[in-house]
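A.B. asks: This is the structure I want to talk about, given as structure tokens.
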Amino acid sequence: MMKNFLYSVAAAATLAFGHAAPAMAQDYDLDGMQQSLTMLELTVSQIFTRNGIDVDPRTLDLSQIAQIVSRFDSGDDQPTRSELEFIINRN
């Protein structure tokens, strides 16, 4: 799961920031990336619900979503509400 997550983040970031050549863009599974992003947004939504945070994950950029999900997947102590709010409010 983490490998797919990291692949999706890297591929989406490459396309979002325009560093991929048009010929290389054909190699990406755009439907799969959109599906992965939707799954990440749902995961973040569940994290927010558990922590009483009323923010739509679709308003976050990809790096914020990745940071929140990786923080929860790391197996370390779970981030506090204030840590999550810090990630949300940095733009």
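A.B. asks: With modelled with pLDDT under 80, buried (at least 16 other Cβ atoms within 10 Å of the Cβ) and assigned to a helix (DSSP H, G or I) as the only criterion, which of V69, V9, V44 stands out?
C.D. replies: So the residue among V69, V9, V44 that is modelled with pLDDT under 80, buried (at least 16 other Cβ atoms within 10 Å of the Cβ) and assigned to a helix (DSSP H, G or I) is V9.
A.B. asks: Still on this structure, please answer the following. Which of the residues spanning segment 47-62 are surrounded by 13 or more Cβ atoms within 10 Å (Cβ to Cβ) and either within 14 Å of L84 (Cα to Cα) or touching a Lys or Arg at 6+ places or on another chain (Cβ under 6 Å) (or both)?
C.D. replies: Kept after step one, since they are surrounded by 13 or more Cβ atoms within 10 Å (Cβ to Cβ), are these residues of segment 47-62: 47-48, 51, 53, 55, 57, 60, 62.
Selection gives I47, F48, N51, I53, V55, P57, L60.
The values are calculated or read from the model by the stated rules, or taken from the named source; none is laboratory data. Bear in mind that the values here come from a model prediction, so they are computed numbers and not experimental data. Positions of Cβ are generated from backbone atoms using ideal geometry, with glycine treated the same way; all protein chains shown enter the neighbour counts.
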